[in-house]
Amino acid sequence: MTRSAAIIGGGIGGLATANYLHQHGWTVDVFERADALPTTGTALGMWPGALTALDAIGHGDAVRSIGSRQQHGEFQRPDGSVIANITTSEGTSVLISRPPLLATLASGLPDGVVKFSTTIESVADLGGYDVIVGADGVNSRVRTAVVGSRVDPIYVGVSALVGRAPGTTDTVAETWGEGKIFGVTPRDGDLTNWFAAYREDPDVEPPAEPLEFLREYFGHWHAEVTDTLDRIDATSIIHYRIKRMPKLRSYFSGNTVLVGDAAHAMPPNLGRGACETLIDSIALGRALDEHGVEKGLRRYDSERRKATQKLVTGATLMNHVAMSTRFTGARDVALRIATRFA
Ligand SMILES: Cc1cc2nc3c(=O)[nH]c(=O)nc-3n(C[C@H](O)[C@H](O)[C@H](O)COP(=O)(O)OP(=O)(O)OC[C@H]3O[C@@H](n4cnc5c(N)ncnc54)[C@H](O)[C@@H]3O)c2cc1C
């Protein structure tokens, strides 16, 4: 008998889960509120665990060939002096921006599986499926059905502007100031990915003129930062408020289950949110396919909940340290020591 899944959200978690289940003979419908796949988005570091997850659905090699390898990292102070360097050959990650990652995942699904321009207001609207997967991101609505009441993510007091600039770089470089960070990373295409993190009051509107805002905040930093600022493609800028999920007691209820940011959104400081989302998707698909819905959801929850909640704690701690406004000298010494063990 064919089994069926409704997946809410056609982002990384939704498309990866759909790939696994489709490849294992399930009937899958993915409901996505956007009218198409995105054309802009930040570069995401895919660590080895995420590449293994992508291999399990046949997309690892495509991501390796589109993305850029990340081998060298550098931390600097605003005056350009170096805090620490990291060079890795083992366990190298691959940086790929969101649009080609999602396009690769979508290419594994038959036409019509992803139903664009379809916002799901409530899982009660979805009858007749064996399982309902909430892959609807940090502000998930499906979460209410799993928890039984509304649980909102917590804003960590930090916002980020991200985007791209023409020209390439082979280094992940982060400049850490007092309560603000400017970073550049390689990405696919002949482009550089950049991001700027800064403390922001939740009541303050995002900057109306982000380029001017960036120049005001970072325009007096060292030349590599100001060179990037001069090249920024203003049409690519996206503003995020960085949030983390409080611990949920379960990632499922009945036949409804959460993957990715809906379950465990975390600050991006460990570069693990999308990676863990991919690992969730394969773990969930495998558990459902091999053990059926009831036992499969229990297995998925025990395999993934505590592991991902520990990472939320670690990423939140890292965010506090990186964004500190005091004792930055001690912070930089700690960072130098930590990178020796990376
Ligand atoms: C600045 C920044 C940098 C990051 N860098 C990294 C990194 O380097 N490495 C890494 O691993 N992670 C990184 N992350 C984290 C990563 O982006 C997320 O963890 C990942 O996108 C989560 O995927 P998801 O599928 O759970 O959610 P999303 O990507 O948010 O997808 C959710 C989808 O659901 C859709 N949706 C929402 N509600 C509904 C609804 N009601 N009905 C229908 N559709 C709906 C949305 O339109 C969206 O397409 C970063 C995040 C940020 C903000």
- Query: What number of residues within the range 150-190 are without any contact (Cβ under 8 Å) to a residue 40 or more places away in the chain and not in a loop (DSSP other than H, G, I, E, B)?
  - Reply: 1
- Task: Check every one of the strands (runs of 3 or more DSSP E) wholly within the range 1-55 and list those with 2 or more residues that are of a type in the set (V, I, T) and either more than 28 Å from R164 (Cα to Cα) or near the ligand (Cβ under 7 Å from one of its atoms) (or both).
- Result: 4-8, 27-31
- Query: With (1) touching an Asp or Glu at 6+ places or on another chain (Cβ under 8 Å); (2) farther than 24 Å from T17 by Cα as the list, and I96 as the residue in question, which single condition is left unmet?
  - Reply: (2)
- Task: Considering only the range 73-84, state which residues are in contact (Cβ under 8 Å) with a residue 60 or more places away in the chain, surrounded by fewer than 15 Cβ atoms within 10 Å (Cβ to Cβ) and touching an Asp or Glu at 6+ places or on another chain (Cβ under 9 Å).
- Result: G80
- Item | Condition broken by L95, with the remaining ones in (1) surrounded by 18 or more Cβ atoms within 10 Å (Cβ to Cβ); (2) more than 28 Å from A6 (Cβ to Cβ); (3) more than 21 Å from the chain's Cα centre (by Cα) satisfied | (3)
- Query: In the range 314-325, is there at least one residue being hydroxyl-bearing (S, T, Y), surrounded by fewer than 12 Cβ atoms within 10 Å (Cβ to Cβ) and outside any helix (DSSP H, G or I)?
  - Reply: yes
- Query: Pick from E212, E224, E216: which is more than 27 Å from G14 (Cα to Cα), more than 10 Å from the ligand (Cβ to nearest atom) and either in contact (Cβ under 8 Å) with a residue 40 or more places away in the chain or surrounded by 17 or more Cβ atoms within 10 Å (Cβ to Cβ) (or both)?
  - Reply: E224
- Note on the structure: Among (1) in contact with a helix residue (DSSP H, G or I) (Cβ under 6 Å, 6 or more places away or on another chain); (2) at pLDDT 95 or above; (3) small (G, A, S), G41 falls short only on (2)
- Query: How about the range 185-195: which of its residues are open to solvent by 10 Å² or more (accessible area, probe 1.4 Å) and at pLDDT 95 or above?
  - Reply: F195
- Message: Under 7 Å between Cβ atoms, which residue pairs at least 6 apart in sequence (or on different chains) link something in the range 238-255 that is more than 14 Å from T144 (Cβ to Cβ) with a partner that is open to solvent by 40 Å² or more (accessible area, probe 1.4 Å) and of a type in the set (D, E)?
- Response: N255/D130
- Message: Between a residue in the range 268-297 that is in contact (Cβ under 8 Å) with a residue 24 or more places away in the chain and assigned to a helix (DSSP H, G or I) and any residue that is polar (S, T, N, Q) and open to solvent by 10 Å² or more (accessible area, probe 1.4 Å), which pairs come within a Cβ distance under 8 Å, given they are 6 or more apart or on different chains?
- Response: V293/N255; L297/N255
- When the range 38-66 is examined, which residues are found to be under 28 Å from D289 (Cβ atoms) and within 16 Å of the chain's Cα centre (by Cα)? L44, M46, W47, P48, G49, A50, L51, A53, L54, V63
- Note on the structure: Residue count, the range 124-153, condition open to solvent by 30 Å² or more (accessible area, probe 1.4 Å) and more than 10 Å from the ligand (Cβ to nearest atom), comes to 14
- In the range 56-72, what residues are open to solvent by 20 Å² or more (accessible area, probe 1.4 Å) and in a helix (DSSP H, G or I)? A56, D61, A62, R64, S65, I66
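Per-residue answers, yes or no, for (1) within 14 Å of the ligand (Cβ to nearest atom); (2) of a type in the set (A, V, I, L, M, F, W, C):
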{"site": "I242", "(1), (2)": "yes, yes"}
{"site": "G254", "(1), (2)": "no, no"}
{"site": "G260", "(1), (2)": "yes, no"}
{"site": "H264", "(1), (2)": "yes, no"}
{"site": "P267", "(1), (2)": "yes, no"}
{"site": "T277", "(1), (2)": "yes, no"}
{"site": "L284", "(1), (2)": "yes, yes"}
{"site": "A287", "(1), (2)": "no, yes"}
{"site": "E290", "(1), (2)": "no, no"}
- A careful count of residues in the range 76-109 that are assigned to a strand (DSSP E or B) and touching a helix residue (DSSP H, G or I) at 6+ places or on another chain (Cβ under 6 Å) gives 5
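The values are calculated or read from the model by the stated rules, or taken from the named source; none is laboratory data. Bear in mind the structure is a predicted one, so any value in this text is a computation, not a measurement. Every residue, glycine as well, gets a Cβ built from its backbone with ideal geometry; the counts of neighbours run over all protein chains shown. For accessibility, only protein heavy atoms count, side chains too; no ligands or nucleic acids. Shrake-Rupley method; radii C 1.70, N 1.55, O 1.52, S 1.80 Å.
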